[in-house]
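A.B. asks: First the structure, then my questions, so here it is.
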Amino acid sequence: MGAVVLAGLASLLEAQQVPRSTPPPPATPVARLVGRVIDSTRNVPLVDAVVQLVSAADPLKSRSAVSGSDGVFSFDSVRADTYLLGFVHPRQSALGVAPLLYRVDISSGAPVTAALFIPSVSTIIAGRCGVEASDSSMGMFTGAVRSAIDGEPMPRAVVRAQWSDVTVGRQSLEVRKPLVRQAANDNGEFAICGLPLRGSVAVRAWSGGDTSGVVDVELSADRLMTRDLFVGPAGGIASASATDSTGAAGPRARNRTGTGVARGFVRRANGTPIIGATVSVVGADVEAVTGATGEYAFRTLPLGTYMLEARAIGLLPTRIAADIRADAPPDADFALESAGQFLDTVRVRSQVSVDGDRSGFERRRERGGGYYVDAKALDRRQPAVVTDVLRTMPGLQIRPGRGGPVVTGSASSGACTPTFFVDGMLFPVDGSIDNILPASDIKAVEVYTRSASAPVEFLTRSDTRGSPCAVIVLWTGRR
């Protein structure tokens, strides 16, 4: 009887198509993925890197994590699959390094570790400058040229770098001034290779009529310097003033002006405010004096990256680079060290004329007939380029040229090309004088608006035949 009932129930279940129970499928393994992001150029953990884990089969399936102060990141409960792992960080953009992707296979529940890197300095330099430069004693300066108005990249901007190269021979000392110019790519990025590791390099960027100041760059032993350069428009030569923290107007000068604002504090190394310190903008010829709290402020600066310099009696002058931007005015603070900590007693045993008998500069200035700028005046002006000195000279005009500003004279027939002398020697100038001589090397300037008023030692054969154009004499040396 019981067997008949069981058979009937089985038939009923089959008639109602009730499914029989099946064993569950095996569980998909999940694992924990842990790793660290390292900046190999500095050999330090990379903080706040955004790490992404993407399914190789379906790129829409992705997860993100952020590296901590130790560079560590982690993903929990990662299902078994094949993934692509990578990261993004502003340091990559600064170095011009493209993000790399790594394959990660997870097949079991065992923890998985991964290491992510920014490549080494040698690898980066080899990739951007060539393999032959990767093991040399030279360095690289890289970054992007951006607008000081909105921060956007400036495609095809131009960056110029120049430095001093001293070669000591058996009986001579040769000083060269290597100059490198490079156009940025469509993203405004640039990389200048072959720079010295000792001393400073003067760099400047421009795009069309927008420009930066001359910025001092020093490479360290790691052979790599990264910095963006901001360019902006500047007004013509006009009167402008600086103010201190009390709002009192500072000295007025003729300089390049703009809408830029900069402020900050000048303090001693121990944090004590310095009252009466002078802060100047190199290349803008404008100064501000600190008030009771050590604060200074500028309100009519040209936009772009410029060098600011702070000076105070008994303390070492200090320069810093500041980005004068319309959207984000900089807070540029100085900490001045005592000169006594660095300087030993200086004994002066003889005196040498600043200009020397070689040039006869003082003799010609006393006699008159031209316009003269000596080393003290140049120190006050702190010109960024040579044409900054010549802009204020009567009879000269600065016109835009393909390679930079070009100096022209005035004649009855129109604009003319002046004759240049450097250290008493005829110096043909093809293009812009700014691309040949740095302003920091100029210690005195003489300008004669007509060749007829120039001393006989500065007359060429064409001048003696009646050339009406100006004669410009530049003297080089340490100011």
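The values are calculated or read from the model by the stated rules, or taken from the named source; none is laboratory data. Note that this is a predicted model, so its numbers are computed, not measured. Neighbour counts are summed over all protein chains in view; Cβ atoms, including those assigned to glycine, are modelled from backbone coordinates with ideal geometry. These accessible areas exclude ligands, DNA and RNA; they are computed on the full protein's heavy atoms, side chains included. Shrake-Rupley method; radii C 1.70, N 1.55, O 1.52, S 1.80 Å.
A.B. asks: Quick one: which residues, 5+ away or cross-chain, put their amide H under 5 Å from the amide H of A56? H built at 1.01 Å from N.
C.D. replies: Result for A56 returns T82, Y83, L84.
A.B. asks: Moving on to the next point. With every protein chain left in place, what is the accessible area of R204 in Å² (1.4 Å probe, nearest 10)?
C.D. replies: 20
A.B. asks: Moving to a separate point now. Below 12 angstrom from the Cβ of P155, what's the summed charge of the other residues (Lys, Arg +1; Asp, Glu -1)?
C.D. replies: Taking every Cβ under 12 Å from that of P155, the sum is -1.
A.B. asks: What does the accessible area of L179 come to, in Å² to the nearest 10, when a probe of 1.4 Å is used?
C.D. replies: Solvent-accessible area, nearest 10 Å²: 60 Å².
A.B. asks: Figure the gain on full extension for V261 and A221 (residue separation times 0.36 nm, minus the Cα-Cα span) and round it to one decimal in nm.
C.D. replies: Separation in residues times 0.36 nm, less the Cα-Cα distance, equals 11.0 nm.
A.B. asks: Moving on. Roll a 1.4 Å probe over the protein heavy atoms and report the accessible area of S147 in Å², nearest 10.
C.D. replies: Accessible surface of S147 is approximately 10 Å².
A.B. asks: Also, I was wondering about something else. Quote the FRET efficiency, to the nearest 0.05, computed for V47 versus I275 with a Förster distance R0 of 30 Å and r equal to the Cβ-Cβ distance.
C.D. replies: About 0.20, to the nearest 0.05.
A.B. asks: Order D222, D48, most accessible first, counting only protein heavy atoms with a 1.4 angstrom probe. All intermediate terms of the calculation are to be shown ahead of the outcome.
C.D. replies: Details: D222 60, D48 100 Å².
Listed by decreasing accessible area, they come as D48, D222.
A.B. asks: Largest first, how would W475, W206 line up by accessible area (1.4 Å probe)?
C.D. replies: I get W206, W475, largest accessible area first.
A.B. asks: For V180, what charge total do you get from the other residues with a beta carbon under 15 Å from its beta carbon, if Lys and Arg give +1 and Asp and Glu give -1?
C.D. replies: Net charge in that neighbourhood comes out at +4.
A.B. asks: For E337, E152, E446, what's the largest-to-smallest order of accessible area, 1.4 Å probe?
C.D. replies: Order by accessible area, largest first: E152, E337, E446.
A.B. asks: Using amide H atoms built in the peptide plane, which far-off residues or other-chain residues are under 5 Å from V406 H to H?
C.D. replies: Close amide H contacts, sequence-distant or interchain: R399, G401.
A.B. asks: A follow-up question, please. Could you compute the FRET efficiency for I313 and R198, with r as their C-beta to C-beta distance and R0 at 41 Å, rounded to 0.05?
C.D. replies: Using R0 = 41 Å, I get an efficiency of 0.85.
A.B. asks: Quick one: if the Förster radius is 51 Å, what FRET efficiency do S69 and A183 give, using the C-beta to C-beta distance and rounding to 0.05?
C.D. replies: Numbers: r = 39 Å, r/R0 = 0.76.
Computed FRET efficiency for S69 and A183: 0.85.
A.B. asks: Something else about it: Just grab the label-to-label distance for T293 and D165, each label 7 Å out from Cα along the Cβ direction, in nm (one decimal).
C.D. replies: Label-label distance for T293 and D165, simple model: 4.9 nm.
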